[in-house]
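Colleague: If you scroll down you'll find the structure; I have some questions about it.
The values are calculated or read from the model by the stated rules, or taken from the named source; none is laboratory data. Source: prediction; values computed, not measured. The protein model used for the area step is the full one, side chains on, heavy atoms only, and it has no ligands, DNA or RNA in it. Shrake-Rupley method; radii C 1.70, N 1.55, O 1.52, S 1.80 Å.
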Amino acid sequence: MAITLVNPSGLPEIGAYRQVSVATGSKLVFIAGQVAWDTDGATVGAGDLAAQVEQCYVNIGTALTAVGGTFEDVAKLTVYVVDWTPEKLPLFLEGVARAAARLATTPVPPGTLVGVAALDVPEHLVEVEATAVLDS
């Protein structure tokens, strides 16, 4: 694998992700922000943060598969959540867990979660973008 995930001593261990990824591959993959759209462009899980997180992660998995990768190749995720508050964390993690079950992986690369006022359309509650590194 081109990515090694690390939790260095001296930094807190966060169960939802690893603090550092080390990339040794030679092919960079940048995946545009994925929202909770199905293949027909219909929003999945209107009003349901966990369902939308799940769909976003599944969409990232689909994009990775299309270029010969998996979540094992993801070096970093950036997640944008509308009106983020810490109370939403359990729903967010539920969505990640459901996606992990569907993808048969645990998507835990380093990540940044950013609270935003709005996304592209009012029914979208979350958007996830990824950077991956593949061995050519």
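Colleague: Determine the gain in length on full extension of the stretch SER9-VAL67; use 0.36 nm per residue of separation and subtract their C-alpha separation, reporting nm with one decimal.
Modeller: Details: separation 58, 0.36 × 58 = 20.88 nm, distance 3.38 nm.
Net length gain for the segment: 17.5 nm.
Colleague: Quote the relative contact order of segment 7-75 in percent (integer), defining contacts as alpha-carbon pairs under 8 Å separated by 6+ residues. Spell out each step's value before the answer.
Modeller: On the way: 46 pairs, mean separation 16.6, N = 69.
After rounding, I find 24 percent.
Colleague: Which whole number of Å³ per residue matches the convex hull of the alpha-carbon atoms in segment 44-136?
Modeller: Numbers: hull volume 8.5 nm³, N = 93.
Convex hull of Cα atoms, per residue: 92 Å³.
Colleague: Right, something else. Normalised by the number of residues in the chain, what is the relative contact order in percent for Cα pairs under 8 Å and 6+ residues apart? Spell out each step's value before the answer.
Modeller: Working: 283 pairs, mean separation 53.1, N = 136.
After rounding, I find 39 percent.
Colleague: For VAL121, VAL74, give me the order by solvent-accessible area with a 1.4 Å probe, most accessible first, ignoring ligands, DNA and RNA.
Modeller: Details: VAL121 40, VAL74 0 Å².
Descending order: VAL121, VAL74.
Colleague: Compute the long axis of helix 49-66 from its Cα atoms, compare it with the longest principal axis of the Cα atoms of the chain, and write down the angle in degrees, 0 to 90, nearest 10.
Modeller: Value to nearest ten degrees: 40.
Colleague: Rank GLU13, GLU123 by accessible area, highest first, at a 1.4 Å probe radius? Intermediate values should be presented prior to the final figure.
Modeller: Working: GLU13 155, GLU123 80 Å².
Greatest to least solvent exposure: GLU13, GLU123.
Colleague: Which three lengths, in whole Å and largest first, does segment 1-107 cover when its Cα atoms are put on their principal axes?
Modeller: That gives 38, 33, 22 Å along the principal axes, largest extent first.
Colleague: What is the angle, in °, between the Cα long axis of helix 89-103 and the longest principal axis of the Cα atoms in the chain? Nearest 10 is fine, range 0 to 90.
Modeller: It works out to around 60 degrees.
Colleague: Give the percent of DSSP beta bridges with both residues in the chain that are antiparallel, rounded to the nearest 5. Write down the numbers at each step before the final one.
Modeller: Values: 18 of 24 bridges.
Given both bridge residues lie in the chain, the antiparallel proportion sits at roughly 75 percent.
Colleague: Accessible area, 1.4 Å probe, largest first: how do THR106, THR39, THR112 sort? Can you show the working numbers first?
Modeller: Working: THR106 95, THR39 140, THR112 60 Å².
Putting THR106, THR39, THR112 in descending order of accessible area: THR39, THR106, THR112.
Colleague: Top mean-square fluctuation among GLY111, GLY68, GLY45, Gaussian network model of the chain, C-alpha springs under 10 Å?
Modeller: Between GLY111, GLY68, GLY45, it is GLY68 that shows the largest mean-square fluctuation.
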